[in-house]
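The values are calculated or read from the model by the stated rules, or taken from the named source; none is laboratory data. Predicted model only: the values in this text are computed from it and were never measured. A quick note on method: Cβ atoms are made from the backbone with ideal geometry, for glycine too, and the neighbour counts reach across all protein chains shown. Keep in mind that these areas ignore ligands, DNA and RNA; they rest on the heavy atoms of the full protein, side chains included. Shrake-Rupley method; radii C 1.70, N 1.55, O 1.52, S 1.80 Å.
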Amino acid sequence: VQLQASGGGLVQAGGSLRLSCAASGRTFSSSAMGWFRQAPGKEREFVAAISWNGGSTQYADSVNGRFTISRDNAKNTLYLQMNSLKPEDTAVYYCAARGSRWYSLHPREYDYWGQGTQVTVSS
């Protein structure tokens, strides 16, 4: 699976962005997917994850209620709708695919990674 993330940018606090992750390969529809982020000087952290069919999702406490993960298996695309953005959401956001139908919160359990897209939230 090859992953291409897009949709990042500069936004004011309180604004919204929608990230997309386009996947190539036949295994997208059977793969759990996740979004992670990494701020300068910090470790990569879990943001959100979704099971292979979209039936189960999970969010980090810091984004729960503000972010929504979704997927369109017909389009081989993963999404992250981010609302009510805060300066502390500033990071490079990565999408990742796992060789399993069920997600994990741990980056090391994902097999494929996109290149990342920068999200910057100004105060």
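List of remarks:
- Share of carbon and sulfur in the accessible area of the chain stands at 44%, probe radius 1.4 Å.
- Sequence-ordered 3J(HN,Hα) estimates for region 45-51 from the Karplus curve with 6.51, -1.76 and 1.60 and θ = phi - 60° stand at 10, 5, 10, 7, 8, 9, 6 Hz, glycine and proline given as x.
- Among Arg44, Arg108, Arg18: highest mean-square fluctuation, GNM of the chain, C-alpha pairs under 10 Å: Arg108
- From phi via Karplus (6.51, -1.76, 1.60), per-residue ³J(HN,Hα) for region 86-91 in Hz, x at Gly/Pro: 10, x, 6, 7, 4, 4
- Cα centre as origin, Lys/Arg/Asp/Glu Cβ charges: the chain dipole, Debye: 240 debye
- The GluC sites (Glu not before Pro) found in region 1-108 that occupy coil by DSSP, while having at most 12 further C-beta atoms within 10 Å, are Glu43.
- Using θ = phi - 60° in the Karplus curve 6.51 cos²θ - 1.76 cosθ + 1.60, the 3J(HN,Hα) couplings for region 20-36 round to 10, 9, 8, 10, 10, x, 7, 9, 4, 5, 10, 10, 5, 10, x, 10, 10 Hz; x is entered for Gly and Pro.
- Between Ser16 and Leu105, the C-beta separation translates, for a Förster distance of 30 Å, into a calculated FRET efficiency of about 0.75.
- Extension gain, Asn73 to Ala60, is 2.3 nm, computed as 0.36 nm per intervening residue step minus the present C-alpha separation.
- Accessible area per residue, Å², the chain with all protein chains present, probe 1.4 Å: 51 Å²
- Charge-dipole axis of the chain as Lys and Arg at +1 and Asp and Glu at -1 on Cβ define it, positive-most pick from Val119, Cys95, Thr77: Thr77
- Inter-label distance for Ser24 and Asn53, nm, one decimal - labels placed 7 Å from Cα along Cα-to-Cβ: 2.9 nm
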